[in-house]
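Chemist: Quick one: the structure is below, questions incoming.
The values are calculated or read from the model by the stated rules, or taken from the named source; none is laboratory data. Everything numeric in this text was worked out from a predicted model, so none of it was measured. As a convention, Cβ positions derive from the backbone with ideal geometry for all residues, glycine included, and neighbour counts pool all protein chains shown.
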Amino acid sequence: MVDLRSSSTTDGRGPDASPLRQQLKRETADLHRRLEMALGLLESELSLDRYRRVLELFFGFYAPVEAGLARMAAAHPFALPLRDRAALLESDLLSVGLSQREIADLPRCADLPRLSCAEDLAGCLYVVEGACLGGQVIAPVLRERVGVAKDSGASFFIGDAEGTRARWSLFLAWLEGLVRAGSASADIVAAARATFLAFARWVER
């Protein structure tokens with residue numbers, strides 16, 4: 001999960017970044033690095049077998065997390081339609097050789113981040129939406145090293161492609177609006193950390 005947020009003024013380090021974005025970037029950096037190291041997607045020895053295992057781990061985390069996000073978004077309207085990225089992962093798993101039955105039998109993460117309020121929703125989405133930025137760097141590496149593209153196993157990481165930045169900007173605007181409306185920044189940051197930690201523990205298990 002490479003993070004492109006550090007290269008843009010829409011992240012937590014640009015000169016125009018809000019205090020909330022700076023805090024999110026700073027206080028999730030350690031967990032972000034931990035998750036990236038556990039996944040190893042940019043390692044030179046990445047193999048198709050290792051990539052398949054990473055897809056299985058992502059699916060096992062995203063499927064239950066997205067179900068929870070959908071329930072929360074119904075109660076706390078989100079500015080953008082939620083993406084069904086678990087469906088992209090399922091398509092990618094089929095492309096790299098798993099059957100529908102094997103996918104259905106994959107374990108699902110049970111130690112999920114709490115989703116009980118708008119701040120929890122915002123913090124979790126910070127991780128899920130932000131991961132799409134990293135996918136824009138990871139996708140070309142996957143094509144080069146393991147030979148997968150959008151229709152052959154990399155649709156999750158390609159995601160919205162050229163629309164990724166615009167979606168991220170809209171998400172950030174929604175996030176700032178929550179804080180202006182009274183949501184607690186500290187609780188949003190805590191929820192983002194909890195999401196990163198749950199994902200890292202799932203990958204490391």
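Chemist: With the checklist (1) surrounded by 13 or more Cβ atoms within 10 Å (Cβ to Cβ); (2) assigned to a helix (DSSP H, G or I) in hand, flag the one item ARG114 doesn't pass.
Modeler: (2) is the only condition that ARG114 fails.
Chemist: Okay, moving on. Which one of LEU42, LEU24 is in a helix (DSSP H, G or I) and either surrounded by 15 or more Cβ atoms within 10 Å (Cβ to Cβ) or at pLDDT below 95 (or both)?
Modeler: LEU24
Chemist: For the subset of the stretch 62-79 comprising residues that are of a type outside the set (A, V, I, L, M) and in a helix (DSSP H, G or I), which member is farthest from LEU170 (Cα to Cα)?
Modeler: The residue in question is PRO64.
Chemist: Right, next: When you look at LEU106, is it over 17 Å from the mean Cα position of the chain (by Cα), at negative phi and surrounded by 15 or more Cβ atoms within 10 Å (Cβ to Cβ), yes or no? Don't jump to the end; show me each part of the working.
Modeler: Values: over 17 Å from the mean Cα position of the chain (by Cα): yes; at negative phi: yes; surrounded by 15 or more Cβ atoms within 10 Å (Cβ to Cβ): yes.
Here the answer is yes, as LEU106 does meet what is asked.
Chemist: Do you know which of the residues in the stretch 54-89 that are under 21 Å from LEU35 (Cα atoms) and among the charged types (D, E, K, R) is surrounded by the fewest Cβ atoms within 10 Å (Cβ to Cβ)?
Modeler: GLU56
Chemist: What number of residues within the stretch 96-111 are part of a loop (DSSP other than H, G, I, E, B), touching a helix residue (DSSP H, G or I) at 6+ places or on another chain (Cβ under 6 Å) and hydrophobic (A, V, I, L, M, F, W, C)?
Modeler: Qualifying residue count for the region: 3.
Chemist: Hey, another quick one. Hey, any hits in the stretch 61-68 for a residue that's of a type in the set (Gly, Ala, Ser) and closer than 24 Å to LEU178 by Cα?
Modeler: Scanning the stretch 61-68 turns up at least one residue that is of a type in the set (Gly, Ala, Ser) and closer than 24 Å to LEU178 by Cα.
Chemist: Can you go through GLY163, GLY159 and tell me which one is out of contact with any strand residue (DSSP E or B) (no Cβ under 6 Å at 6 or more places or on another chain) and within 15 Å of LEU55 (Cβ to Cβ)?
Modeler: GLY159
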